[in-house]
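Working notes for the structure below.
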Amino acid sequence: MKRTLFTLALVAAFGLITESAFAQATATQSVTLAVNAVYKISTSGNPGALTISNGSAGSDNLTAVSDNSTTYSITQNFGNTVKITVHMDAALTAGYTLQMNLASTQGTSLGNVDISNATSGSAVDVVTAIARGADAGQTIGYTFSALASAGTLSSTTKTVTLTLTN
Amino acid sequence: MPATFAARTCNAGTRACSLSKYAATSREMQVALNLDRGRSILKPISTAIPRTLTRLSTYLSFFFLLLPAHMFAQVYGSGNHQVAVVVSPISLLQVSGGAVNFNVTTANVVAGQDEMSVSNSASQLFWGTNSGTQKITAQTSLGSPLFTLKLLAVSPTQGTAASEFALSTTPTDLLLNIGRSSGTCTLQYTAVALASQGTGTDNHTITFTIQAQ
């Protein structure tokens, strides 16, 4: 009798194990995720016109004007040696000066940088040592100054290009 | 004087036969025809039977021999047995769509955002189970991924989708409350990389498991 009960118990246990084994099923899938080097920079729009219309008597330097209405944002995952350079499509005539000042939390801002003669072949650094990650909504400051001796300047539009590079 | 007969008795079920002697009166002799499927098996040993009776017996034998055998079919026995039918718990899973490849490039990036994400919904999960209240879990083989890989079951035809979760080596619920049914859902993978994490590659093997909830 005991042997019979033992045998029944074994059979029941085996049955449970078998059910449990068949109760599960699996499937697999391969997923590969690759992240390449990314550089992204954008600006919020165009600044207002920079118009000089005042000066100080006895001074050749006319009263400079500024615009801080625009911002830039960057995202990069390349490294910690990334920088922002700036150049214009054409240099300004002598006697007129355009400076830029880019704020930065991820890198080092070089403050007011003269970009009057910065063209595609001679871009100038404005922010250096930018760390990996993102920096959003940083202020772009423009300061335009002129010498009285340079005369008047009819409305001139310059295209300023900001480049995120290493 | 009674005639002595040797009678062969057969069992249709076991097909075993035995011979036995017995005496019979002339009347009994006429009807003591033990027919086994239409064949007479009477064998007279000695006789003091009048010739007319012998002839009558012979005629009767021929008469019965001419009758169709099935008219004398008899049930010699019956039996029964038990048939055990078992349907084991069965659960099946299949993923369609093949391997998934994410490639995060500048095109997937918004300037100013550290998080770069890419989604893929090209895969589907199919399942079937005859067990009640099952769930499907998912896990990855990659112990220390560089980036985050999220998974969400979209539009399941059966059961309830769990919230989107980041895949890890620990099985996490993908679908809940799956009853006895078959169904499908879309697998929505979302790769999330931070620019601050730099570049790199993760190779995952995702394992889906259907099991009791």
*Mind checking which residues of the range A:117-144 are surrounded by fewer than 20 Cβ atoms within 10 Å (Cβ to Cβ), over 17 Å from A:ILE41 (Cα atoms) and among the small types (Gly, Ala, Ser)?*
A:SER120, A:GLY121, A:SER122
_Looking at A:SER104, A:SER154, can you tell me which residue is closer than 29 Å to B:LEU194 by Cα and either within 14 Å of chain B (Cβ to nearest Cβ) or in a loop (DSSP other than H, G, I, E, B) (or both)?_
A:SER104
*All but one of (1) of a type in the set (Gly, Ala, Ser); (2) surrounded by 20 or more Cβ atoms within 10 Å (Cβ to Cβ); (3) more than 7 Å from chain A (Cβ to nearest Cβ) hold for B:GLY179; which doesn't?*
(2)
*Identify the single condition in (1) crowded, with 18+ Cβ neighbours inside 10 Å; (2) facing another protein chain (nearest Cβ under 10 Å); (3) under 16 Å from B:PHE208 (Cβ atoms) that B:ALA153 does not satisfy, given that it satisfies every other one.*
(2)
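Quick one: in the range A:107-147, of everything that is polar (S, T, N, Q) and assigned to a strand (DSSP E or B), which residue is nearest to the chain's Cα centre (by Cα)?
We begin by selecting, within the range A:107-147, every residue polar (S, T, N, Q); these are A:108-109, A:112, A:116-117, A:119-120, A:122, A:128, A:138-139, A:143, A:145.
Narrowing the set further to residues that are assigned to a strand (DSSP E or B) leaves A:108-109, A:128, A:138-139, A:143, A:145.
Details: A:THR108: 13, A:SER109: 13, A:THR128: 12, A:GLN138: 9, A:THR139: 12, A:THR143: 22, A:SER145: 28 Å.
Result: A:GLN138.
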*Which one of B:THR129, B:THR137, B:THR160, B:THR148 is touching a Phe, Trp or Tyr at 6+ places or on another chain (Cβ under 8 Å) and either more than 9 Å from every other protein chain (Cβ to nearest Cβ) or in contact (Cβ under 8 Å) with a residue 40 or more places away in the chain (or both)?*
B:THR137
_Return the residues of the range A:136-150 that are in contact with a Gly (Cβ under 7 Å, 6 or more places away or on another chain) and within 14 Å of chain B (Cβ to nearest Cβ); say none if nothing qualifies._
A:ALA136, A:GLY137
_Test result for A:SER66, within 22 Å of A:GLY45 (Cβ to Cβ), away from chain B (no Cβ under 14 Å) and surrounded by fewer than 19 Cβ atoms within 10 Å (Cβ to Cβ)_ = yes
*Selected residue [facing chain A (nearest Cβ under 8 Å), modelled with pLDDT under 95 and either surrounded by 14 or more Cβ atoms within 10 Å (Cβ to Cβ) or on the phi < 0 side of the Ramachandran plot (or both)] from B:SER78, B:SER88*: B:SER88
*Residue in the range A:10-25 that is in a strand (DSSP E or B) and either at pLDDT below 95 or within 14 Å of chain B (Cβ to nearest Cβ) (or both) present*: yes
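The values are calculated or read from the model by the stated rules, or taken from the named source; none is laboratory data. Just so it is clear, the structure is predicted and the values come from calculations on it, not from any experiment. Neighbour counts are summed over all protein chains in view; Cβ atoms, including those assigned to glycine, are modelled from backbone coordinates with ideal geometry.
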